[in-house]
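Below is one structure, written out as structure tokens; the observations come after it.
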Amino acid sequence: MNGGPSGFNNAPVTRICVIASAIFSVFLGIKGGSNKLGLSYQDIFRNPRLWKLVLSVFAFSSTPEMMFGLYLLYYFRVFERQIGSNKYSVFILFSVIVSLLFEVFAVTLLQDPLANLLTSGPYGLIFASYVPFYFDIPVSTRFRVVGVHLSDKSFIYLAGVQLLLSSWKRSILPGICGILAGSLYRLNLFGIRKAKFPEFIASFFSRLSWPSTGSPRGATSRNVTGSAPSYAGRHVQRTYPAPMVPSTEPSEDAIATLASMGFDRNSARQALVQARNDVNTATNILLEAQSH
């Protein structure tokens, strides 16, 4: 199961998060500073250090954690494509801040000044993403392995379990805090699901990312508007008595994005035609159709 078209097409915020996390993790690993990351009671209350707090949000402390974590961050770009980069940025900020507050609360309750209680890395964001993954991404394939019923979503869950148990107690607590943060976002606490950043901020982050590779938009536009003579259109109408020519032909990237969420390609194409090639609207149409 993938997150849609390969690469970071229509996912500039995810690209920034993956690259930043990879750079911080590799740099600190080379410098031997990864073992100094993670939060403890002393780091928060007795000797607070802002740099350590920031790095602990982005940098993984070991190579296995980085591999599984970056893969999951990359996969969950499907949500940025679904709700848009602006709202996804709000989701990231909300997940990181709320999960961090839960972690601080947990460390306060444990009150062990000597133990490094929390591992580092974007655990809050990753495990907050499992909440919409569980509720909003349908299963598209089911199969059995040695008598065990699995689905295409099982591999994402297994990767999450591996990451959750990678540092045992130090990683379980941030993972649970991330799930709580994702649950509060889904419950629309303070109307957070409708919140957006100002457009100039969203444009700034879009410019930070490199241009996405993929099918040029111009090709689709030329196919829609076209430069064919008018008599060709009349010839088509005479050949086909009831032509159904949509005003906007759905792009393959949009169809692949919906198909990656578990929807049938034909249903995805029809929904995109009805939604005028808007992926978010088409997703809502398909979800409403499934609920009936």
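Working with all protein chains in place, sort 6, 120 by solvent-accessible area computed with a 1.4 Å probe, largest first.
Working: 6 90, 120 0 Å².
Highest to lowest solvent-accessible surface, that is 6, 120.
Database remark: amide H of residue 118 closer than 5 angstrom to the amide H of 39 (H placed geometrically; neighbours at sequence offset of 5 or more, or on other chains; Pro and chain starts carry no H). Placing dummy labels 7 Å off each Cα toward the beta-carbon, the span from residue 19 to residue 189 is 3.1 nm. For the residue pairs 31/153; 153/194; 169/196; 153/196; 31/87, alpha carbon separations beyond 31 Å are given by 31/153; 169/196; 31/87. Taking amide hydrogens as placed 1.01 Å from N in the peptide plane, the amide H of residue 150 sits under 5 Å from those of 143, 144, 145, each at least 5 positions away in sequence or on another chain.
How much length, in nm to one decimal, is gained on full extension between residue 200 and residue 266, taken as 0.36 nm per residue of separation minus their Cα-Cα distance? The partial results should precede the final answer.
Working: separation 66, 0.36 × 66 = 23.76 nm, distance 3.68 nm.
So the extension gain works out to 20.1 nm.
In this simple spin-label approximation, residue 162 and residue 30 carry label points 7 Å from Cα along the Cα→Cβ vector, and these lie 2.6 nm apart.
Distance between the C-alpha centres of region 140-156 and region 157-198: 24 Å, rounded to the whole angstrom.
Rounded to the nearest 20 debye, the dipole size of region 41-122 about its Cα centre is 240 debye, using +1 on the Cβ of Lys and Arg and -1 on the Cβ of Asp and Glu.
What's the local net charge at residue 17, with K and R +1, D and E -1, over the other residues with C-beta under 13 Å away? Don't skip to the answer; put the middle values down first.
Numbers: positive: 15, 77; negative: 80.
Combined, the nearby Lys, Arg, Asp and Glu give +1.
Ordered from highest to lowest accessible area with the whole protein assembly present and a 1.4 Å probe, 261, 67 read as 67, 261. Taking every protein chain into account, the 1.4 Å probe leaves residue 52 with about 20 Å² of accessible area, to the nearest ten. Any idea how far apart residue 101 and residue 150 come out in nm if each label point goes 7 Å out from Cα toward Cβ? Roughly 3.9 nm, to one decimal.
Residue 192 contributes an accessible area of around 30 Å² to the protein surface, as traced by a 1.4 Å probe with all chains present.
The values are calculated or read from the model by the stated rules, or taken from the named source; none is laboratory data. Remember, it's a predicted structure, so these values are computed and weren't measured experimentally. No Cβ is skipped: glycine too gets one built from the backbone with ideal geometry, and neighbour counts run over all protein chains shown. Only protein heavy atoms, including side chains, enter the accessible area calculation; ligands, DNA and RNA are left aside. Shrake-Rupley method; radii C 1.70, N 1.55, O 1.52, S 1.80 Å.
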